[in-house]
Structure formats: C-alpha cells, structure tokens
Amino acid sequence: MSNHQAYKITKGIPWQVLDEAVIILSPANRMAHELDETGSFVWLEISKNQTIDQISRRLTEEFDVDMVTAQKDTLSFICALEGKNLVERV
C-alpha cells in the first residue's frame, strides 16, 4: 500500500458526526463503530478522498505527533477500515 494512495468511504456506508465523534454503521454485520478523536479526524479526511500522506501531514498539524508515527498509525487504521469494507481505494 502506497502512501500516495487515496481512499474513499465505501458507497452505502451510513455515518454521522455526533458530539464530535464519528459513528459508522456497518451494514454487513449491523455493528456501530464509534471513533475516537483521532479516528474521527482521519475518517473526515478520508471523506475528502485524501491520500495517506495528506492525512498524515494534517495529523502532524492538528496533533502532537511526528510524520513517521502519523504515517504508520494512519496506514494501520485505514487497513483496519478497509478490512471491514468501510473504505476503499480510489
């Protein structure tokens, strides 16, 4: 997976922001996922079809994290979302 890869929210995945947290409903297993502050931030960046590099750069601007850690954590989080079919590659 390239850091230049962009992602988008999988079509048909319902989600909303509630009290500053993103809530995602997974139709496949009827589960709700409540994201923490960082996860919500990444999800909202994914909703703009941002690349891993773009998201990581924004994380370093918004949170106290270095670029290497931001890239590693972003990649890991997106892989988990992709594994649950919540996001897909653009």
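All of the numbers you see were taken from the coordinates with simple rules; none came from a lab. Here the structure is a predicted model, which is why all the values come from computation and not from measurement. We place every Cβ from the backbone using ideal geometry, glycine too, and count neighbours over all the protein chains shown.
Considering only Ser56, Ser76, Ser40, the Gaussian network model of the chain with Cα springs below 10 Å gives its largest mean-square fluctuation to Ser76.
Considering only DSSP states other than H, G, I, E and B, which trypsin sites (Lys or Arg not before Pro) in the stretch 27-90 qualify as loop sites with at most 10 other Cβ atoms within 10 Å?
Those that pass, being in a loop and sparsely packed, are Arg30.
The residue among Ala28, Ile78, Ser47 whose Cα reaches farthest toward the positive pole of the charge dipole of the stretch 11-89, with charges on the beta-carbon of Lys, Arg, Asp and Glu, is Ala28. The GNM of the chain, with springs linking C-alpha atoms under 10 angstrom apart, assigns the highest mean-square fluctuation among Thr60, Thr74, Thr51 to Thr60.
Taking every C-alpha pair closer than 8 Å and separated by at least 6 residues, the mean separation divided by the residue count of the chain gives a relative contact order of 37 percent. Highest GNM mean-square fluctuation among Val22, Val65, Val42, for the chain modelled with Cα contacts below 10 Å: Val65.
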